[in-house]
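The values are calculated or read from the model by the stated rules, or taken from the named source; none is laboratory data. It should be emphasised that the depicted structure is a prediction, and the values quoted were computed from it without experimental measurement. No Cβ is skipped: glycine too gets one built from the backbone with ideal geometry, and neighbour counts run over all protein chains shown. Keep in mind that these areas ignore ligands, DNA and RNA; they rest on the heavy atoms of the full protein, side chains included. Shrake-Rupley method; radii C 1.70, N 1.55, O 1.52, S 1.80 Å.
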Amino acid sequence: ILGFSTPPGRLSMMAFILNALTCALGLLYFIRRGKQCLDFTVTVHFFHLVGCWIYNSRFPSTLTWWLVHIVCTALMAAIGEYLCMRIELREIPLNSAPKSNV
């Protein structure tokens with residue numbers, strides 16, 4: 001069903017890309033570590049590959065399927081790592097005032 005020539009194919013590809021973007025936000029909220037984003041992204045896509053293999057009873061062999069998933073993996077890892085690194089690199093506030101209220 002994935003393909004550039006039909007509207008349902010283009011719609012499916014857009015859904016995969018939007019899913020990669022929302023999963024990148026999931027990496028930000030659940031993982032919060034830039035170094036681990038690629039590991040979790042590849043793990044999620046590997047489980048998706050295994051699920052598709054079991055559901056269709058055959059290994060995915062179409063070029064468009066692989067291209068879409070490679071692009072989605074790269075998008076999810078890159079955007080998730082960028083967002084996590086922005087959180088990790090925030091300045092640590094240093095207050096010199098005493099914390100006791102006497």
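The relative contact order of the chain comes to 38 percent, based on Cα pairs under 8 Å that sit 6 or more residues apart.
Averaged per residue, segment 7-87 has 68 square angstrom of accessible surface, using a 1.4 angstrom probe with ligands and nucleic acids left out. Taking the 0 to 90 degree range and rounding to the nearest ten, how far is the long axis of helix 37-56 tilted relative to the main principal axis of the chain, both from C-alpha atoms? Helix 37-56 and the main axis of the chain meet at about 30 degrees.
Only sites in a loop by DSSP and with at most 13 other Cβ atoms within 10 Å count here; which chymotrypsin sites (Phe, Trp or Tyr not before Pro) in segment 1-101 make the cut? In loop regions of segment 1-101 (DSSP not H, G, I, E or B), the sparsely surrounded chymotrypsin sites (Phe, Trp or Tyr not before Pro) are Phe4. Spin-label model, Thr6 to Leu21: label points 7 Å out along the Cα-to-beta-carbon direction sit 2.5 nm apart. Restriction of the trypsin sites (Lys or Arg not before Pro) in segment 11-69 to DSSP coil positions whose beta-carbon has at most 11 other beta-carbons within 10 angstrom yields Arg58. Going by accessible surface with a 1.4 Å probe and the largest first, Leu21, Leu63 read Leu63, Leu21. Calculated mean residue ellipticity at 222 nm for the chain: -22500 deg cm²/dmol, from DSSP H runs with n ≥ 4 weighted as -39500 (n - 2.57), summed, divided by the residue count and rounded to 500.
The equivalent ellipsoid of segment 1-80 has semi-axes of 24, 15, 9 Å, largest first, where each one is the square root of 5 times an eigenvalue of the Cα gyration tensor. Of the accessible area of segment 7-87, computed with a 1.4 Å probe over protein heavy atoms only, carbon and sulfur atoms account for 73 percent.
Compute the distance from the alpha-carbon center of segment 1-15 to that of segment 30-49, in whole Å. Between the Cα centre of segment 1-15 and that of segment 30-49, the gap is 25 Å.
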